[in-house]
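So the structure is just underneath, and the comments pick up after that.
Nothing in this text is a laboratory measurement; each read-out follows from the coordinates by a stated rule. This structure is a prediction, so every number in the text was calculated from the model and none was measured. Note that each Cβ is placed from the backbone with ideal geometry, even for glycine, and that neighbours are counted across all protein chains shown.
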Amino acid sequence: RQGYDGVLSAGYYLDYKQPAGKHYQVDPEVIPGAVNIDIDTSNWQSWKTTIAFQDTRMEGDLYLFGSGATINGIIRSMGNTSAFTDTRWDGNRLTFSHESSFGKVHYDLVARGDSLRGTMNIALFSLDFQGIRNGGSDWSSGNPLPEFEKIEPLTSGQALHILGGEACIWTEMVSAQTIESRIWPRMAAIAEKWWSPRVLTQNADDLYRRLWVMDDRLISQGLQSRSNQYDLLASIGGSWSNSLQQMADVLQEDQFFNRMTIYPPPYHVKIPLTRMVDAVTPESRIGFEFNQLARNYMDNPTDRLRRILIEWLDRWTGMDDFLDAQIAEHPELAEIAPHAHHLAQLARLAKDKLTNEPRFSSDTAIIDLLQESAKPQGGTLLAVVDGFSVLLR
């Protein structure tokens, strides 16, 4: 905006382990969470806020504008100022969220008098949040409303100062065996976003039609991500097996730095990166294809799609028995055992539904199973939960 040239990286951090489609949706000319709301200076409230993380306390400010169903807001914290528009104030409960470079940040607060208290949630972290009212349009005294600059879209001339982008990957959680799978093929999606006309890069779903072709092409040209995965699985399971490969194929690494929770502190550079979380990829190709197949079937339930789905489900119905047998000799696999059990249960339920032989299972039990299946295990996520949710709900 001030005439300086620059290279952008926000939204393209590969070490956050976000899917290619998420990176593809990032608009280089839009700042995530920027102040883009109209400020109602006649109807506002403010709080001085404190966020606690271990022994650290971070101060900031919260501003709400409007009332009823039309409340917008701005929060200033950790050196950032972000706007939000999804505010809900139900009784004494206040919830809202905003985008950040680390993903979406959610707030769940309770108001008592002039105080707010609750949590700020980002990824797996839940931080204590407190606020004390310190101003507002209904107060005759108190802190004045500061002036906020509304961030308008860049003009065509300003956009020319964006010289390009960079996709960064910090290396705390990668090794020589895993770095290629952490960069590719997601890097290809970011490259296409930057190198293609803007009008051609608006459809993230269409991206995947090309992404997997590019993945195969990179492998044929010498990328070692699959051969390295083969070696890691052979090391973890004593030898490579098709069943262990199928289990790895439906998992993906948890996002951001959530996998850090599986390591006991203190952290150090000599921690071996040889667990299942290292063998799986940041984005499961099988997970994407199964989830898409499930959606296609629900939109158009043909016999052909039903047969294909059942073929997939038959691969997974015995995954719990397979992994339980492997754990006896390879206990390091125990950390993903819940995924195997959830996968097998979901596959049986879905197959029974597709073959019109539903076993008894209440809606509540199915919802509980889906919620449990979505939880991380051993630093990994079960990537097919969305597809099962579509089929079973």
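Using only side-chain charges placed at the Cβ, +1 for Lys and Arg and -1 for Asp and Glu, the dipole size of the chain relative to its Cα centre rounds to 240 debye. Residues ARG307, ARG76, arranged from fewest to most other Cβ atoms within 10 angstrom of their Cβ, appear as ARG307, ARG76. Summing charges over neighbours of MET276, with a neighbour being any other residue whose Cβ is under 13 Å away from its Cβ, gives -4 when K and R count +1 and D and E count -1. Net charge of the neighbourhood of ASN72, taken over other residues with C-beta under 11 Å away and scored Lys/Arg +1, Asp/Glu -1, is -3. Ordered by the count of other Cβ atoms within 10 Å of each Cβ, fewest first, THR85, THR380, THR274 give THR85, THR274, THR380. In this structure, the residue pairs whose Cα-Cα separation is over 25 Å, taken from LYS48/LYS104; LYS193/LYS270; LYS17/LYS351, are LYS193/LYS270; LYS17/LYS351. For the stretch 44-136, the fraction of alpha-carbon pairs lying more than 18 Å apart is 38 percent, rounded to a whole number. Look at where the Cα atoms of the stretch 32-83 and of the stretch 163-199 average out, and the two centres are 32 Å apart. Rounded to the nearest 10 degrees, the inclination of helix 225-237 to the longest alpha-carbon principal axis of the chain is 70 degrees. Report summary: the helix-based calculation at 222 nm, which adds -39500 (n - 2.57) for every DSSP H run with n ≥ 4 and divides by the residues of the chain, gives -10500 deg cm²/dmol. Taken over the Cα atoms of the stretch 70-119, the convex hull encloses 85 Å³ per residue.
As an exercise, identify the GluC sites (Glu not before Pro) in the stretch 322-383 lying in DSSP coil whose Cβ has no more than 13 other Cβ atoms within 10 Å. Taking the stretch 322-383 and a limit of 13 other Cβ atoms within 10 Å, the loop GluC sites (Glu not before Pro) found are GLU329. Rounded to the nearest angstrom and listed largest first, the equivalent-ellipsoid semi-axes of the chain from its Cα gyration tensor are 41, 26, 23. Relative contact order of the chain: 16 percent, from C-alpha pairs under 8 Å at least 6 residues apart in sequence.
Under conditions of 20 °C and 1.002 mPa s, the stretch 224-392 yields 128 µm² s⁻¹ as its translational diffusion coefficient, taking Rh as the Kirkwood radius over Cα pairs in the Stokes-Einstein equation.
Exposure proxy for LEU211, LEU382, LEU370, LEU160: other Cβ atoms within 10 Å of each Cβ, ordered fewest to most, give LEU160, LEU370, LEU211, LEU382.
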